[in-house]
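Peer 1: Please read through the structure below; I'll follow up with questions.
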Amino acid sequence: MDISLNGHEARALGVLIEKAFTTPDQYPLSLNATTNGCNQKSNRDPVTDFSEAEVRIALQGLRMKGLAGQSVPAGSRVERWRHNAMETLGIGEREAAVLAELLLRGPQTAGELRSRARRMRDLPDPESLGQALEALRTQGYAETAEGGRAPRTSQLLCRSVAPGAGDSPPAEAAPASVLASAPAPSGAPAPLPGAKEVQGTPLAERVEALERQVADLTRSMAQLREELGA
């Protein structure tokens, strides 16, 4: 399956998978909990500083790609998010745990992956990890490359790295940031609250990213209206 994520979507998906395994009593996650999970300082590389506006857009992007869903529990006004990674990608729990580690921490050796992914799902021996990695590689979600002291595996859902705290994310990886910094054309919607300014991004790229994001948001709102009217 050909699914391409930007850096914000990749981090948010990794968080949803991770928290579904490690804190099931708090799952599905609120927007605030997802944002905190994206920006937490442990088990993350790089450490990020996403705003809630950026994470909301990332979650909407995952929703449109079939990788996340939202709900409002009975008696609550807080919208919550869950992942659909196993169903959409056709992978099992062990593969999902390994994929989450790759999304959250980047390329890793087999030893690193096994020790870290075991906090989510049991990987009793190297063979169990090897089987999970082979399944991810076969479906085109990961690749293992030789180099250094040991081969390292990378995920292939997102080709860009999630921007770290203080970094200027690429336009395609941070639509909310672009909305905040790009000059608004006549009739364009106002920048999302909480969006951060991006410096040094070429104007053409910023405007193009703005147009893509407006189109995505329009489709998302139309789909939401259809669901509410169903």
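Peer 1: Need the full-extension length gain, V72 to E134, defined as separation in residues times 0.36 nm minus the C-alpha distance. One decimal, nm.
Peer 2: 18.6 nm
Peer 1: Order of 47-56, 84-93, 144-153, 24-33 by packing, highest average Cβ count within 10 Å first?
Peer 2: Descending packing order for the listed peptides: 47-56, 84-93, 24-33, 144-153.
Peer 1: Calculate, in nm to one decimal, what R149 and A215 gain on full extension: separation in residues at 0.36 nm each, minus their alpha carbon distance.
Peer 2: Going from the current span to full extension adds 19.2 nm.
Peer 1: Classify the stretch 1-135 from the C-alpha gyration tensor, please: rounded if a/c falls under 1.5, else prolate or oblate depending on whether a/b exceeds b/c.
Peer 2: It is prolate, given that a/c is not under 1.5 and a/b is the larger ratio.
Peer 1: Starting from the Cα of N32, step 7 Å toward the Cβ, then list every residue of the stretch 42-64 with an amide N under 19 Å from that point.
Peer 2: 49-57, 59
Peer 1: For the stretch 42-96, what does the alpha-carbon gyration tensor say about shape, rounded, prolate or oblate, given a ≥ b ≥ c as the root eigenvalues, a/c under 1.5 as rounded, and a/b over b/c as prolate?
Peer 2: In terms of gyration-tensor shape, oblate.
Peer 1: Starting with the highest mean, order 57-64, 38-45 by the number of other Cβ atoms within 10 Å, averaged over the residues of each peptide.
Peer 2: Put in order of decreasing packing, that is 57-64, 38-45.
Peer 1: Would you pull out the residues with amide H under 5 Å of A68's amide H, same chain only if 5 or more places away, H placed 1.01 Å from N?
Peer 2: R63, N84
Values in this text are rule-based calculations from the coordinates and carry no lab data. Nothing here was measured: the structure is a model prediction, and the numbers come from that model. Counting neighbours? That spans all protein chains shown, and the Cβs are built from the backbone with ideal geometry, glycine included.
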